[in-house]
1. Restricting attention to the stretch 57-83, which residues are free of Cβ contacts under 8 Å to residues at least 40 places away in the same chain and more than 14 Å from the chain's Cα centre (by Cα)?
2. How many of the residues making up the stretch 129-170 are over 25 Å from residue 23 (Cβ atoms), in a loop (DSSP other than H, G, I, E, B) and either under 17 Å from the mean Cα position of the chain (by Cα) or of a type in the set (Asp, Glu) (or both)?
3. Residues in the stretch 1-26 that are assigned to a loop (DSSP other than H, G, I, E, B) and either within 14 Å of the chain's Cα centre (by Cα) or of a type in the set (D, E, K, R) (or both): how many?
4. Can you work out which of the residues in the stretch 129-156 that are acidic (Asp, Glu) and modelled with pLDDT of 95 or more is least open to solvent (accessible area, probe 1.4 Å)?
5. Just need a number here: residues in the stretch 1-45 that are open to solvent by less than 30 Å² (accessible area, probe 1.4 Å), modelled with pLDDT under 85 and farther than 19 Å from residue 125 by Cβ.
6. How many residues are open to solvent by 40 Å² or more (accessible area, probe 1.4 Å) and either in a loop (DSSP other than H, G, I, E, B) or over 17 Å from residue 152 (Cα atoms) (or both) when one looks only at the stretch 114-128?
Amino acid sequence: MSELSIRDAGLNDIPALHALIEGAYRGEGSRRGWTTEADLLGGQRTDPEALAAILVDPKQAILMAERDGALVGCVLIADRGGDTGYLGMLSVDPELQSGGIGRALVRAAEREVQARWGARRLEMQVFWQRDSLIAWYARQGYEPTGETCPFPMHDPRLGVPLRNDLWFVVLARELASSPA
């Protein structure tokens, strides 16, 4: 298997990014992996317009992981101000999950929020129901902060709720004083 390369996504990457993200989070195909949200939400996870807005915002970026020129994963990073960065929308092709791609993207996200925005802390939001995903992030060094955030239940651009008890727990990790 060839080396994984990670780079910033550009506007030309939106069709491939959109397909990857939707395939990792929604629909029956997402059930091939272990990170599906198909039991929590229907509809879309994002849309090309939202991805374009991220890519033109200097306080956000999407990192793409490629192997042999094929997109295999991505992660959103953002500057939350102060010394805090944000990680979200971590997506790995469901057939390639559990192979280290997600871990590599998380580490790249940590380095990039430090290098770009001087972040010393990285936060994320995970549905409270996602015990296995929360446990995976804990193995990566992320801990619950005790904070929660509501899911925007009435915004179909983010998904159509399949249950009424959707909200996020906030996880965070203090980053090393210099990028790893």
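The values are calculated or read from the model by the stated rules, or taken from the named source; none is laboratory data. On a predicted model such as this, the values are computed, not experimentally measured, just so you know. Note: ideal-geometry Cβ built from the backbone for every residue, glycine included; neighbour counts use all protein chains shown. SASA here: full protein model, heavy atoms, side chains in, ligands and nucleic acids out. Shrake-Rupley method; radii C 1.70, N 1.55, O 1.52, S 1.80 Å.
1. 57, 58, 69, 70, 81, 82, 83
2. Total meeting the criteria: 2.
3. Summing the residues that are assigned to a loop (DSSP other than H, G, I, E, B) and either within 14 Å of the chain's Cα centre (by Cα) or of a type in the set (D, E, K, R) (or both) in the stretch 1-26 gives 3.
4. Only one residue tops the list, namely 147.
5. Within the stretch 1-45, residues that are open to solvent by less than 30 Å² (accessible area, probe 1.4 Å), modelled with pLDDT under 85 and farther than 19 Å from residue 125 by Cβ number 1.
6. Here the count works out to 7.
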